[in-house]
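The values are calculated or read from the model by the stated rules, or taken from the named source; none is laboratory data. All figures in this text were calculated on a predicted structure; none of them were measured in a lab. Backbone-built Cβ (ideal geometry, glycine too); neighbour counts: all protein chains shown. For the accessible areas, the whole protein counts, side chains as well, though only heavy atoms, and no ligand, DNA or RNA atoms are used. Shrake-Rupley method; radii C 1.70, N 1.55, O 1.52, S 1.80 Å.
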Amino acid sequence: MDGSGNGSQSGAKSSGASGDKHRWRTWQSDDDIPQRKILIQHILRVFKQRKPSLTNEWKHKLPDFVLRLEEAVYRGARSKEEYCDKATLEARLQAVARIMIQRQGSMQDGVKPGSAAAAAAAGKQIGALFQGIGDSRSMPPQAVMGGMHPGAQQQMMGGNGLLPNGAPILRGAAATQGVGGFAGSAAQMMQGVPPGTMIPTPGAGGAVAAPAPAPVKGRGKAAAKGKKLTKAQEAGQLAAQQQQQAQVAAQQAAMRQQGGAPVPGRMDWRNIPDEQLRKAYIVKQQRWLLFLRHASKCQAQHGQCPYTPHCHVAKQLWEHVLKCTSNNCQYPRCLASRELLKHHQNCKDARCPVCGPVRNAMLKQRQQAQQMMGSNKRMKLDHDPEHGQLTVKGSSGLNASRKPGTEGTSLMECFSPEEIRTHLASLRLAEKDNKIPGQSTASARQLQKEADRAVAQATESACRACGVERLTFEPPPLYCYSCVGRIKRGQVFHHVPSMPGAEGRRDAWCNPCFNSIQGYVDVEGQRFPKQAMVKKKNDDDLEEPWVQCDYCEDWYHQICVLFNGRRNEGGEAPFTCPNCILSQLDKGERTVTTQRPSSQQPASNLPKTKMSTFLEERLSETLAKEREERAKQLGVPIENVPTAENLTIRVVSQTVKQMDTKSHFYKHFKDEGIPMHFLYRSRVILLFQKLEAADVCLMAIYVQEYDENCSQPNKRRIYLSYLDSVKYFRPDNITVATGENCALRTYVYHNILIAYLDYAKQRGFTSCFIWACPPFQGDDYILYCHPKVQKTPKADKLREWYLKMLRSAQKDGIVTSTSNVYDEFRLGNQNHDIRSATEYPYFDGDYFSGIAEDWIPTIIAELEEAKKVAAKTKQSTVKISARKAAKSKSGTISPDGELDKELMKKLGTTISNMRNDFILAQLAHQCLSCRKTIAGANRYYATEGTPLVLCEECKEFEDALPAHEKRYTGRKLECEKCEELPSITQEEKDEEEKLENEFFDTRQAFLSLCQGNHFQFDSLRRAKHTTMMVLYHLNNPSEPAFVASCNQCSRELEPGKGWRCETCPDFDICDSCRIRVGHQHPLMRQGRSAGDRTAMSNAERENRAAQIERTMELLVHACSCVNPKCDNSNCPKIKSLLKHALTCEVKAGGGCQLCRKTWTLLQIHSKSCLQDECPVPKCRELKEYRRRVAEQGEERRREQYRLYLSANR
């Protein structure tokens, strides 16, 4: 066995010889150093006892020899017990000595490698310590190797000269001197490292460049393995060794002149400090990281790398590591390399002894490469396999004509100096304080001084705002489109190809579902062949993007400086860092931006609605009263009592939607009055709070409103669909003085819900349904990626949270009573008294609407089976005992059962243990007998005992019953006249603002927006940036896909360059025709020009909505128009677009712009279309796709809740 062989050869031997190679080396760690010292002393004593009369030369060599032996024994042991076993130690040492003899025999100076003389000389020297070891024939192979398998033999000496983690084995003085004493092995440490690679020098804080190996001059070629070297080859090798030693000596001399290198010399092996041993291993890890990085970038062919002959081995390892997911991989150095790379990828500590110097070396190397290429300071950083692609601003230098204060790319331009200092301090002190920032009482300048001290210790490559070098995003969860199962990290999946220039699609298929695909898949009305789908591994690790200041040229995380990447058109957007802003403000070169552009509008500038105004005013009044009560309770002036400030409530979306009744439920209950569709109004409510001069979204609510025009059983009902919040509310840790004992944050959230219920009650709604289902691990409802300090509430905690809110609302007279659906619909009465399934509300995304669709086929099959069994029993002549008959019927459906009753029975059985999770709050008085709402009539209620409310009809029926049949005998009832339910007039409906936003259309749409763009809420800095981007999308909706054309010249009108007639039904004209031809009616400017930085006014919002509505009407008209000479000038244009889309071979996926425009039109139409038979092509397919996506999320939610129910039975 040749220990000095090629890395690939030895690796192959080791892998093929041992199937459990990686199992025994995982036990090794730095904690073994004390035990290793003990064993080293034991080996030395054994040698001295065996040969006390050693020569002076061998006494000098013995310490190094013992260290080498122990190193090999340690690396070859399968476990710590085997390593410490002194009974087998001698046999293992003999095996190592034999390998060393063979290696030394091939490396002796002055003796021809491979000759018998070399082996004899080496055997004679080491034979003084091991009898018979100099002659391999005197000892059988089993005894020589000590019973070890071939893999252990190869691993014993690290067959290719590498440790298990891939780093070279340190030998001689290098093994004993650690970091500070590489006197005799500098060439060995630099071997295999490409020239120009920055090798970190621990302790000195710098780096040295690896020297290039000198080429061998002459015509001598390397001899084949096992063949004798020629004289030319020997002379060439000797010249190369001498030249390399001269280079190393010159480098050491230069280092000694700089004061960075220690004085050469040997350290006594008995006095090796633990710290130096640890540093030696750190150097090995650093070198291996740099070697892997070189292999990942090297483009040289096999054996042609000019830097190292082992490059191809590392390339093979790198390709294997990228694909390998096995925890018991047998590939050489795979597991150790993956562990090291995983640590390097996740390490965020700038002071890490392994990663810090490596990153500094890599940064300096990139800077040198950029200087050599003559590139500007804003070129994109190269693709780093550990970090992923870094997106940076790419403009080329500072525009001299630009004045400070006109950037419009960072929200910090609108901050005052004190606000900038406070924001920077919260970034830099977040990890140091280990708490949520924003709670300090120190001044902004004091915080900035402390923060500057924290950043001063950061590396050169770190962000100048937070002091951290590398921050990665949380990978978004990925689910299979077919089976709805979650695709875990590291698993392989397939996805449809993305359109060029468009955002990547999130549709994915797991491996089993992909294998079951037959030919193609249909997604959102488009067909994708199976062979066109892209295979990918779910291991994305994206780093936060960077941005460079135009003045100081320092680099910052875009999130730290609140940089709007959407304003970085073509990488040419200007940017000024916060430190330069402070300097310019102090010098008077700029002023704080007061007129904010559209990209920096605060939450308070979002359009108001009647509901948002009502909620804000009611919350403000409630907080003012609570503050007064708390001031009285504490006995301090009200000015000294902290309260919630800078709160903003906005309704960002309110649209009419249509929910389709699921097929099985509609098929079996349509004759009982269940409609095919339910219309409802969806509303999205957001709560913002200004924290450190930046708005932060704290809470989001999705509600469904089924008004008086909706069919039963949903008439006048509200469904609280989703509610989500993040824990950044200020002030924190304050208990309110009014109501139930709760925190101020909870008090604010409760009162927002109470205010909404009050607003809904005033509009005629009678009940509110709440499903208290908390999100499960790894899932988010609305706000993506919550902070780690915020715990997800359990079901009982969440249920109590809602009930506490409803009790407060009941005290205010808004809620009349609270119960649950189990009691309300008598699901516990497994008899004729149970209510019908057609009376149970059928909401979009609710538990019942989804689970009933799954149960109906099963119940029908069980009913048919029960009828067959009953028929066989009647035909049978064999008598069956009553006990057996009862036993056979237990747990089965009766043959006389009905689908309606059996469905409700199964619902009651399923949710009986968690009945309180399905909450029902009554906003109007309801009769407990007939369950009808009492409005405009008398109600009779009991003043004592259990609550009892009867309508006038049920009271008369009760009075007419005989005395022995009366149910409420002895109860004293009071009579009260109930008011009529409020009804909304058509004028009020028309006046109610229609707010449409594609990002908030559904909670899944908003969650997908956040996941796809990495808009996270897991830290305050990211919550600020995410909220800034959410406000940007709300204030800057995309322009309509279809642009109008001039009625005079028929040219398309660019945004902001057209005019519309307010009198004519459909007349647009361009600027040139308006001047040249003119028009008889007043004209109004249409749209916004490209690059307009002003905020969108309400009039512009209304015009934009009207333009989209006209475009959708035109699309429907063109799809149904058969007149080739239509009077509408835009009708032929739409027809030509549709015709092109049908015949185009490139399609939108191939980059056709006309197809993209057509596809966008169809998508916008399908979102608002309420027709079952729509003439617009692909409308049905697009609606089916969105329905499928929504059902996937609801299906996951129901499945997780089912598992939760099973665990609590």
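Listed values, structure above:
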quantity	calculated
Which numbered condition Lys667 misses (of (1) loosely packed, with under 14 Cβ neighbours inside 10 Å; (2) touching a residue at least 40 places away in the same chain (Cβ under 8 Å); (3) part of a helix (DSSP H, G or I))	(2)
Hey, Glu672 at positive phi and of a type in the set (D, E, K, R) or not	no
Any chance Asp823 is open to solvent by 40 Å² or more (accessible area, probe 1.4 Å), within 30 Å of Gln1016 (Cβ to Cβ) and either outside the structural domain of Glu705 (by the TED database) or not in a loop (DSSP other than H, G, I, E, B) (or both)	no
Scope the range 1181-1197; condition under 20 Å from His1140 (Cα atoms) and open to solvent by 60 Å² or more (accessible area, probe 1.4 Å); matching residues	Glu1181
Residues within the range 915-958 that are touching a residue at least 40 places away in the same chain (Cβ under 8 Å) and at positive phi, tallied	2
Complete set of residues in the range 569-603 that are of a type outside the set (Ser, Thr, Tyr), under 30 Å from Leu687 (Cβ atoms) and surrounded by 18 or more Cβ atoms within 10 Å (Cβ to Cβ)	Pro578, Ile581, Arg596, Pro597, Gln600, Gln601, Pro602, Ala603
Among (1) touching a helix residue (DSSP H, G or I) at 6+ places or on another chain (Cβ under 7 Å); (2) within 19 Å of Asp32 (Cα to Cα) - the single one Leu62 does not satisfy	(2)
Identity of the residue in the range 899-916, open to solvent by less than 60 Å² (accessible area, probe 1.4 Å) and polar (S, T, N, Q), that ends up farthest from Gln1200 (Cα to Cα)	Ser912
Candidate set: the range 637-664, residues that are without any contact (Cβ under 8 Å) to a residue 24 or more places away in the chain and surrounded by 12 or more Cβ atoms within 10 Å (Cβ to Cβ); chosen: the one farthest from Thr735 (Cα to Cα)	Ile638
Selection count where residues are touching a helix residue (DSSP H, G or I) at 6+ places or on another chain (Cβ under 7 Å) and either at pLDDT 90 or above or not aliphatic (A, V, I, L, M) (or both), scope the range 577-601	11
Members of the range 1017-1027 that are within 13 Å of Gln600 (Cβ to Cβ) and open to solvent by less than 10 Å² (accessible area, probe 1.4 Å)	Lys1024, Thr1027
Filter result (open to solvent by 50 Å² or more (accessible area, probe 1.4 Å), of a type in the set (Ser, Thr, Tyr) and either touching a residue at least 60 places away in the same chain (Cβ under 8 Å) or within 27 Å of Gln658 (Cβ to Cβ) (or both)) within the range 1124-1159	Ser1129
Within the range 750-783, considering residues that are touching a helix residue (DSSP H, G or I) at 6+ places or on another chain (Cβ under 8 Å) and of a type in the set (Phe, Trp, Tyr), the one most open to solvent (accessible area, probe 1.4 Å)	Phe776
Residue check, Ser929 surrounded by fewer than 17 Cβ atoms within 10 Å (Cβ to Cβ) and in contact with a Leu (Cβ under 8 Å, 6 or more places away or on another chain)	no
